[in-house]
Structure formats: structure tokens, C-alpha cells
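Contents: one structure, followed by commentary.
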């Protein structure tokens, strides 16, 4: 789960697939090589982004969709589907 108090470093390690969607929201220096210290909320404030709660909600929605997709794939395919 993403929170606005989450450290940028943890977010990049735990959810690297969210770097693109966060970049689309204006949090652009997640993987640019520049040292990023602090929380998602601190970075949003530094960049003048005021809708951090909506961004966090959107990122959690993306994670929930991803979990549903993975669950569906696991339900649809099993080891028996690949055995002779």
C-alpha cells in the first residue's frame, strides 16, 4: 500500500512499476539518478503538487488492479494446464 508518508527509496524498491504513473503525475525524479531523500508527500510539496492524496489514491488503485489481474491469472492457469 502506498502512503504519502512512504519514503521515495522504499517506493522505488517495492513498486518500481509505479515510477511511470508517478512521473505522469509530476513526481518525475524518482529514477533520474538524482539522490531522492524524504517522503512522497515531501517531494510533492517540493514540486508544488497539491493533490498528493488523489495521487496516492490512484497509485493504490493501480496496485489493487494489478492484484486482481494476478489473482485472475492464478485462477485461470494451473500446473495441470501444462501437463501431458
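The values are calculated or read from the model by the stated rules, or taken from the named source; none is laboratory data. As the structure is a prediction and not an experimental result, all values here were calculated from the model. With ideal geometry, Cβ positions are generated from the backbone for all residues, glycine too; neighbour counts draw on all protein chains shown.
Here are the numbers:
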quantity: Looking only at the stretch 58-81, and only at residues there that are surrounded by 13 or more Cβ atoms within 10 Å (Cβ to Cβ) and either more than 12 Å from the chain's Cα centre (by Cα) or over 16 Å from residue 39 (Cβ atoms) (or both), the one that is modelled with the lowest pLDDT; calculated: 66
quantity: Selection from the stretch 22-56 of residues that are surrounded by fewer than 15 Cβ atoms within 10 Å (Cβ to Cβ) and either part of a helix (DSSP H, G or I) or modelled with pLDDT of 90 or more (or both); calculated: 23, 24, 45, 46, 48, 50, 51, 53, 54
quantity: Pairs, first over 18 Å from residue 46 (Cβ atoms) in the stretch 9-28, second at pLDDT 85 or above and surrounded by 18 or more Cβ atoms within 10 Å (Cβ to Cβ), C-beta under 6 Å, six or more apart; calculated: 18/59
